[in-house]
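Step one of this worksheet: look at the structure below.
Only the coordinates and a few stated rules stand behind these numbers; no lab work does. Because the structure is a prediction, the values reported are computed rather than measured. So basically every Cβ, Gly included, is an ideal-geometry build from the backbone, and we count neighbours across all protein chains shown.
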Amino acid sequence: MSTQDFNERFRQILLLLLIVVIATLLIAELTIFIPGFLGGITLYILSRSFYFRLIEKYKWKKGLTALLMIFFFIVAIACPVYMCIELISPKIHAIADQQDNIIKGVEIIATKIKTQTGISLLTAENAKSISLKISSFIPQLLNSTAVLFTNLLMMFFVYYYLLVSGKETENYLRKIIPLQSSNVHLLAKETKMMVMANALGIPVICIIQGLFAAFGYWIFGIQDWALWGFLTGLFAFFPLVGTMIIWVPLVAYLYAIGLDWPATGLTIYSFIVTGNVDYVARITLMKKIGNVHPMITVLGVIVGLNLFGFIGLIFGPLLVSYFLVLVKIYINEFAILNNSNHMNIINDASKTDTQ
């Protein structure tokens, strides 16, 4: 390698390191806004085709059309979030004001378990610890609404500028991604498929599961059954155990107040109906919308929630899918190249032997 080539390679590595360092600092300082940023990308992918049809075919103005799309998503997203907060906040305040009654209910359940099994689940120290955790958790939950609204603002801000300068942004990304055009197209296709499958499929699944759960709560005499059904559908975003966060405490409450038969019936209904509705809908609907393997969805949600928070329900499965796609792209990009180099070496050796 010549001195000029070495200096050129050194400058290239130095510039890449500088880019990585600055990107790391930016991400570290803007971590709190990552869900909003990813949410803006999600909205753009969902509405991209419709938006460009309006401005290219029907000659609508970019800015006004983008504002119209934002208004639509505010109605579709922000209003349900506001309704959720309005429904849940009174219950949270009620729980905060009735901690003693909650502890007494837990003590009743613990006494029944001790009578039947001899196992002591609740002591005075445990009761005090539960009370302190409830007291510390509720203010954190209420304060998190400020972060939620901040990310909503960030989401619509990013979404607006992606719409207005969408073509330019896409062309720029095509230039800087160091892959063949066919593999760039594969990444874009995979991104669109996964976002569509999770952004549309998961809410539909949660609505279905919330409706079935609410029906079960109504059958077995749960007060505020509609609210608890709504919360069950909300927690159904978390696969496998999400709905249990709601119906298990409700079953425990029914046992605590002596309603053993309704509690037993609700347990059976929740296991057989609510749980299987989630399983069947998640496999059939998600696979139909985006041909997504259930294992990708489950693993992706687990990873995504830890990395990105709530929006990780969409981008977690996308991250797992990206891993698999990048492995495929690596094989396409470099395995063929390595085979070609190997064949060239063999051909060169054959020519040398011939000579």
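What does the extension gain come out to for Leu16 and Lys57, with contour length at 0.36 nm per residue minus their alpha carbon separation? Don't jump to the answer; show the numbers that get you there.
On the way: separation 41, 0.36 × 41 = 14.76 nm, distance 4.11 nm.
Full extension from Leu16 to Lys57 adds 10.7 nm.
Assuming R0 = 41 Å, what is the FRET efficiency of Leu68 and Glu8, from their Cβ-Cβ distance, to the nearest 0.05? Walk me through the numbers before you get to the answer.
Details: r = 50 Å, r/R0 = 1.21.
The pair Leu68/Glu8 has a calculated efficiency of 0.25.
Site pair Glu86 and Asp224 shows an inter-label distance of 1.6 nm when each label is modelled 7 Å from Cα along Cα→Cβ.
In order along segment 43-59, the Karplus-derived 3J(HN,Hα) couplings, from 6.51 cos²θ - 1.76 cosθ + 1.60 at θ = phi - 60°, round to 4, 5, 5, 5, 10, 4, 4, 5, 5, 5, 5, 5, 7, 9, 7, 9, 6 Hz, and Gly and Pro are given as x. With both labels modelled 7 Å from their Cα along Cα-to-Cβ, the Lys189 to Ile177 distance reads 1.2 nm. Computed from the C-beta positions of Leu26 and Trp261 and an R0 of 45 Å, the FRET efficiency is 0.15 to the nearest 0.05. Modelled spin-label separation between Cys79 and Ile302, with each label point placed 7 Å from Cα along the Cα-to-Cβ direction: 3.8 nm.
Arrange the peptides 45-54, 173-182 so that the one whose residues have, on average, the most other Cβ atoms within 10 Å appears first.
Details: 45-54: 15.6, 173-182: 10.8.
Those peptides, ordered most packed to least, come out 45-54, 173-182.
Could you tell me the relative contact order of segment 193-270? Use alpha-carbon pairs under 8 Å, at least six residues apart, and round to a whole percent.
On the way: 76 pairs, mean separation 21.3, N = 78.
RCO, segment 193-270: 27 percent.
Take 229-236, 161-168 and order them by the average number of nearby Cβ atoms within 10 Å per residue, most first; the result is 229-236, 161-168.
Averaged over residues, the count of other Cβ atoms within 10 Å places the peptides 197-209, 57-69 in the sequence 197-209, 57-69, highest first. Working note: Karplus 6.51/-1.76/1.60 with θ = phi - 60° gives segment 223-230 the couplings 5, 6, 4, 5, 5, 5, x, 4 Hz, where Gly and Pro are set to x.
Taken over segment 182-258, the ratio of Cα radius of gyration to 2.2 N^0.38 Å equals 1.52. By the count of neighbouring beta-carbon atoms within 10 Å, fewest first, Ile296, Ile19 end up ordered Ile19, Ile296.
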